[in-house]
């Protein structure tokens, strides 16, 4: 089980590769803020609602409003709620924005990004080199960029 911020979810829905997360974890928890952020596009909302019905995705509220308020001074509501939930649930967090990642790390949250997930799945032989390269190509044709040096790191075993 893992908490997720919006970037990985939105990106994978947009490139038609959400199944990647199902290879990585049995369940994802989203804050209400992240659900609303992802749901801004109708197709993404329909996708999320389907995954919620199957119980793969669960939407939860953080309880510590003071912690959320403190985090939200520096980060957006989705990141703040995700970090607060990860701390409360003592679960890892999927987060890609650098500022949010650093903030979460400093609070002791175990983090992973989309590239880390791809690298993990590649190392575990869950996805092969061709699938990995196809994923990176799809990411590079979206709003998500993967540098050649990062690609070399992903393909290292």
Q) Does the stretch 105-114 contain any residue that is on the phi < 0 side of the Ramachandran plot, surrounded by 17 or more Cβ atoms within 10 Å (Cβ to Cβ), part of a helix (DSSP H, G or I) and out of contact with any strand residue (DSSP E or B) (no Cβ under 9 Å at 6 or more places or on another chain)? A) no
Q) Among the residues of the stretch 127-137 satisfying the criterion of being surrounded by 13 or more Cβ atoms within 10 Å (Cβ to Cβ) and in contact with a helix residue (DSSP H, G or I) (Cβ under 9 Å, 6 or more places away or on another chain), which is nearest to residue 22 (Cα to Cα)? A) 127
Q. What number of residues within the stretch 73-104 satisfy the criterion of being in contact with a strand residue (DSSP E or B) (Cβ under 8 Å, 6 or more places away or on another chain) and surrounded by 20 or more Cβ atoms within 10 Å (Cβ to Cβ)?
A. 11
Q. Without any contact (Cβ under 8 Å) to a residue 12 or more places away in the chain, over 12 Å from residue 6 (Cβ atoms) and surrounded by 15 or more Cβ atoms within 10 Å (Cβ to Cβ), is that true of residue 39?
A. no
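Read-outs: derived from the displayed coordinates by stated rules, not from any lab. Just so you know, these numbers come straight off a predicted model, no measurement behind them. So basically every Cβ, Gly included, is an ideal-geometry build from the backbone, and we count neighbours across all protein chains shown.
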